[in-house]
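Below is one structure; the comments refer to it alone.
Since every read-out is calculated from the coordinates, none of them should be taken as a lab result. All values derive from a computational prediction rather than experimental measurement. Cβ: placed from backbone, ideal geometry, glycine included. Neighbour counts: every protein chain shown.
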Amino acid sequence: MNAPTLMLVGGVVAFLVTIHWVRNRDMRERYAIGWLFMAAILLLCGLFPSVIMRWAHFAHLSYSSAVLVVSLTAIYCFSLFVSVALTHQYRRNVRLMQELAILSQRLERLHNAAKANPADEVVH
């Protein structure tokens, strides 16, 4: 199997797997967009290998080196995208945990105050 055929098959498989995971709610749409973009790049490289060949000739690289550079660049860009998204999610989780701790403490104070002063109990 040559490189263009492998990229074509890989693009189709990546596209189908991504759609399957999104439909089964195993992957969020936010991340699926990046994976679908990568699948599209693979499909285009498989359908039009002459683009990579021209780019490799322009960059003074062999065809296999050019494919490797393109692949590693795509992986790097997508990993960076996922890292940024995970960082945002982590910060949001920390903020939510802090708010939960504050609300739990307030609820405990109200509960203790209600136990201490049963006559002051508020009727809803």
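Using only Cα atoms, find the angle between the long axis of helix 63-116 and the longest principal axis of the chain, and express it within 0 to 90 degrees, rounded to the nearest 10.
Orientation of helix 63-116: about 0 degrees from the principal axis.
Compute the relative contact order of the stretch 3-115 as a whole-number percentage, counting only Cα pairs closer than 8 Å that sit 6 or more residues apart in sequence.
Relative contact order for the stretch 3-115 comes out at 23 percent.
What does the C-alpha gyration tensor say about the overall shape of the stretch 1-92? Classify as rounded when a/c is under 1.5, otherwise prolate if a/b is larger than b/c, or oblate.
Note, shape of the stretch 1-92 comes out oblate.
On a full-extension model of 0.36 nm per residue, what is the gain between ARG30 and ALA101, subtracting their alpha-carbon distance, rounded to one decimal in nm?
Extra length available between ARG30 and ALA101 comes to 22.6 nm.
Kindly provide the helix-only [θ] at 222 nm of the chain, computed as the sum of -39,500 (n - 2.57) over DSSP H runs of four or more divided by all residues, to the nearest 500 deg cm²/dmol?
Result for the chain, helices only: -30000 deg cm²/dmol.
Applying 1/(1 + (r/R0)^6) with R0 = 22 Å to the Cβ-Cβ distance of ALA3 and PHE78, what FRET efficiency is obtained, to the nearest 0.05?
Values: r = 20 Å, r/R0 = 0.91.
Step by step, r from the Cβ atoms, then E = 0.65.
What's the local net charge at TRP21, with K and R +1, D and E -1, over the other residues with C-beta under 11 Å away?
Net local charge, TRP21 excluded: +1.
Return the distance in nm (one decimal) between the two label points of a simple spin-label model at ARG54 and THR87, each offset 7 Å from Cα along Cα→Cβ.
So the two model labels end up 3.6 nm from each other.
What distance in nm lies between label points placed 7 Å from Cα along the C-beta direction at ARG109 and ALA40?
5.2
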